[in-house]
1. At most 16 other C-beta atoms within 10 Å and a DSSP loop state: those are the exposed trypsin sites (Lys or Arg not before Pro) I care about. Give me the longest piece of the chain that has none.
2. Between (1) 29; (2) 25; (3) 34, which entry matches percent of Cα pairs over 27 Å apart as derived from the coordinates of this structure?
3. Let me know the longest stretch in the chain that avoids all GluC sites (Glu not before Pro) found in a DSSP loop with at most 14 other C-beta atoms within 10 Å.
4. Which values, in whole Å and largest first, are the semi-axes of the equivalent ellipsoid of segment 42-133 obtained as the square root of 5 times each eigenvalue of the Cα gyration tensor?
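What follows is calculated from the coordinates using simple rules that are stated; it is not laboratory data. Keep in mind that what you see is a predicted model, and the values were worked out from it rather than measured. Here the Cβ positions follow ideal geometry from the backbone for every residue, glycine too, while neighbour counts run over all protein chains shown.
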Amino acid sequence: MPSATYQSRISPLDSSSIRLPGSEIADIRFADGTLQVRFSRAFIIKTMTGSAEKTLWWQAGELILEGAELLAPLPEATARSGSEPAFICDGGDIDENVYTYRDMIPIPLESRGLCRCDLALRDSDQRIRAQGETIHLAMEETPHYIEHIRPDDN
């Protein structure tokens with residue numbers, strides 16, 4: 001009987017991840033062995049255990065790779081109007097030790113060890129490619145709701 005009581009107190013588990021394709025990148029910086037990829041609008045998919053529906057949100061944040069070395073030159077942004085992002089991510093891989101996250105970044109993300117970032121940019125053959133010793137995701141403020149995603153919407 002104690003396990004039934006314990007089970008009733010467990011709330012559903014939520015999971016969140018950034019959907020890389022379409023996420024907006026405002027800035028990319030590399031200095032003193034630290035790569036910072038600043039998302040002005042990272043698109044987040046939230047799921048709840050037991051529910052077929054998901055929700056779509058957006059939030060600003062940074063992907064930070066420390067002890068990093070660039071594996072390719074950083075892309076250069078073209079001139080855009082003030083409200084347009086510098087780049088649109090077109091997907092890619094985030095490697096964290098033995099795990100590879102394709103076209104997504106789990107939230108939260110904080111890891112030490114062999115870390116790698118290889119992101120494609122829309123309408124460009126340039127990529128954001130680096131490897132490092134630590135990787136983490138620093139999200140800012142609160143997420144902003146966009147819409148529900150129903151199973152037949154996929």
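1. By the stated rule (loop sites, at most 16 other Cβ atoms within 10 Å), 1-79.
2. Answer label, from the structure shown: (1).
3. Result for the longest clean stretch: 77-139.
4. Numbers: eigenvalues 112, 86, 25 Å².
Rounded to whole Å, the semi-axes are 24, 21, 11.
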